[in-house]
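The values are calculated or read from the model by the stated rules, or taken from the named source; none is laboratory data. All figures in this text were calculated on a predicted structure; none of them were measured in a lab. Note: ideal-geometry Cβ built from the backbone for every residue, glycine included; neighbour counts use all protein chains shown. The accessibility values were calculated without ligands, DNA or RNA, using every heavy atom of the protein model including side chains. Shrake-Rupley method; radii C 1.70, N 1.55, O 1.52, S 1.80 Å.
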Amino acid sequence: MKLSFSIAAESDAAELAALHSAVAEDLTRRYGRGMWSSATTEKGVLNNLRKPKFSQIVIARNGGRIIATLRLATKKPWAIDTAYFTAVERPLYLTGMAVHPRMQRKGIGGLLLKQAEIVARSWPADAIRLDAFDSEAGAGPFYARCGYREVAHVKYKANPLVYFELLLNRDGE
């Protein structure tokens, strides 16, 4: 497998929407309907791609095909309560991470998170924050294995979430 990483372009929108929808279908099949069950539209992806000052979508390709993605944004997602996180000047929020179901458990997600750190340090950012479903369908254990620190368990609209953060040292130490 030969992976390459880049920032998504508008021409990637349809493929990104298909990837997110494939992951949503897989999670729904495995765990039943939940907040993860929503299909992603090309229009929604394009909306995010057209905000490069406030977010960037990082993609992983294998043989030219997008197999994984995540979004880094300066705007706080609706389900995040910043009171639980370490106070920093420039946090980024990781949202919309997806690895194609056939490519999961091959280390791609961890490599994608390392790429997200590179992008975040260049932004520059002091931390990466995220929320994950606190259920079997959630990726909490994955984020913990990748070095993200669990900071809280919360409920948002009756949905259990777990918050994680990765503090970034600007000196590279």
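The set of residues in the range 45-60 that are open to solvent by 50 Å² or more (accessible area, probe 1.4 Å) and not polar (S, T, N, Q) comprises Arg50, Lys51, Pro52, Lys53, Phe54. Taken together, the criteria place Thr69 among residues that are at negative phi, open to solvent by less than 40 Å² (accessible area, probe 1.4 Å) and not in a helix (DSSP H, G or I).
Taken together, Glu42, Glu10, Glu25, Glu15 contain a single residue that is in contact with a Leu (Cβ under 6 Å, 6 or more places away or on another chain) and either in contact (Cβ under 8 Å) with a residue 60 or more places away in the chain or open to solvent by 20 Å² or more (accessible area, probe 1.4 Å) (or both), which is Glu10. Considering the range 28-38, the residues that are touching a residue at least 60 places away in the same chain (Cβ under 8 Å) and either of a type in the set (A, V, I, L, M) or not in a helix (DSSP H, G or I) (or both) include one that is least open to solvent (accessible area, probe 1.4 Å), namely Gly34.
Let's see how each residue does on (1) in contact with a helix residue (DSSP H, G or I) (Cβ under 7 Å, 6 or more places away or on another chain); (2) not hydroxyl-bearing (Ser, Thr, Tyr):
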{"site": "Ser37", "(1), (2)": "yes, no"}
{"site": "Asn48", "(1), (2)": "no, yes"}
{"site": "Asp81", "(1), (2)": "no, yes"}
{"site": "Glu89", "(1), (2)": "no, yes"}
{"site": "Leu92", "(1), (2)": "yes, yes"}
{"site": "Pro124", "(1), (2)": "no, yes"}
{"site": "Ala137", "(1), (2)": "yes, yes"}
{"site": "Gly140", "(1), (2)": "no, yes"}
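State the number of residues belonging to the range 72-86 that are assigned to a loop (DSSP other than H, G, I, E, B) and out of contact with any Phe, Trp or Tyr (no Cβ under 9 Å at 6 or more places or on another chain). The qualifying residues number 1. Of the strands (runs of 3 or more DSSP E) lying entirely inside the range 87-173, those containing at least 1 residues that are open to solvent by less than 30 Å² (accessible area, probe 1.4 Å), in contact with a Gly (Cβ under 8 Å, 6 or more places away or on another chain) and in contact (Cβ under 8 Å) with a residue 24 or more places away in the chain are 91-99, 127-133, 159-167.
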